[in-house]
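Here is the structure we will look at, set down as structure tokens.
The values are calculated or read from the model by the stated rules, or taken from the named source; none is laboratory data. Keep in mind it's a predicted model, so treat the numbers as computed, not measured. Note that we place each Cβ from the backbone using ideal geometry, even for glycine, and neighbour counts take in every protein chain shown. We work out accessible area using only protein heavy atoms, side chains counted, and drop any ligands, DNA or RNA first. Shrake-Rupley method; radii C 1.70, N 1.55, O 1.52, S 1.80 Å.
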Amino acid sequence: QRVVLAGGGDSALDWAIYLAEVAKELTLIHRGETFRGAPDSAEKVLELTQQGKIQLLLKSNVTGLEGNGHLQGVRVVDKAKLELLLQTDHFIPLFGLSPKLGPMADWGLNLDRNAIEVNTVDYATNVEGIYAIGDINTYPGKLKLILCGFHEAALMAQSAFARVFPDKKYSLKYTTVNGVQAF
């Protein structure tokens, strides 16, 4: 079938590489000139484009969808400002995640743009008893990596344990020393 993908990150590149081998026609639309995904994936997409397995539209934007009861086309404005209608059976938008605070924006938390400021000792916010870990928080030197979220979670859990169980001692158990008893 005919598939149109839109995006420029890892998900868009991965889907393009996979679908290039199974789709009747595959078009990848990206608003930029370069990809934000892994360089080896970007190179593979460019190779597949040269082989004619992917139609690549850079500096282009999806402006609408067309159809009557089912999807029939995707409207695109390309880098020359020409409007195109791509006939398609499927459209897969892969624009990434956009974290939003929602009701938390009204909780009185200190915010920096759309992120919650935290103390890096335990990832506590300015509101007692509320912690923030992962992509939702911010602090000097913040890296939005899964690895960092695990680190933040471990430190936050120690502090939250002390808050919930003030009379209990928190004891870390290491699987490398104690093994995993559940197996």
Exercise for the section: Using a 1.4 Å probe and ignoring any ligands, DNA or RNA, find the accessible area of HIS70 and quote it in Å² to the nearest 10. Expected result: 120 Å²
Problem - Gain upon complete extension [GLN158, ALA80; 0.36 nm per residue less C-alpha separation] - result: 22.5 nm
Handout entry: Cα pair distances of segment 102-164 binned at 10 Å [whole percent]
Key = 23, 55, 22, 0
Practice task
May I ask you to give the solvent-accessible area per residue for segment 2-93, in square angstrom, as obtained with a 1.4 angstrom probe?
Solution key: 58 Å²
Practice task
Rounded to the nearest 0.05, what FRET efficiency do ASP112 and VAL22 give with R0 = 41 Å and r taken as the Cβ-Cβ distance? Could you check?
Solution key: 0.40
Handout entry: Apportionment of accessible area to carbon and sulfur, segment 2-93, percent (1.4 Å)
Key = 48 percent
Practice task
Using a 10 angstrom cutoff on alpha carbons, build the Gaussian network for the chain and name the most mobile of ARG36, ARG75, ARG163.
Solution key: ARG163
Practice task
Please get the size of the charge dipole for segment 2-93, origin at its Cα centre, with Cβ charges of +1 on Lys and Arg and -1 on Asp and Glu, quoted in debye to the nearest 20.
Solution key: 280 debye
Handout entry: Candidates ALA124, ALA42, ALA162, ranked by Gaussian network fluctuation over the chain, Cα under 10 Å, top entry
Key = ALA162
Handout entry: Candidate aspartates and glutamates - alpha carbon under 13 Å from LYS53, same-chain residues fewer than 8 apart omitted
Key = GLU21, GLU25
Problem - In degrees, nearest ten, helix 10-19 long axis to first principal axis of the chain (Cα) - result: 40 degrees
Problem - Carbon + sulfur, % of accessible area of segment 102-164 - ligands and nucleic acids excluded, 1.4 Å - result: 60 percent
Exercise for the section: Over all alpha-carbon pairs of segment 24-183, lay out the pair-distance distribution in 5 Å bins, whole %, shortest bin first. Expected result: 2, 7, 11, 12, 11, 9, 9, 10, 10, 8, 6, 4, 1, 0
Problem - Spherically averaged projected area of segment 2-93 from its Cα convex hull (nm²) - result: 5.4 nm²
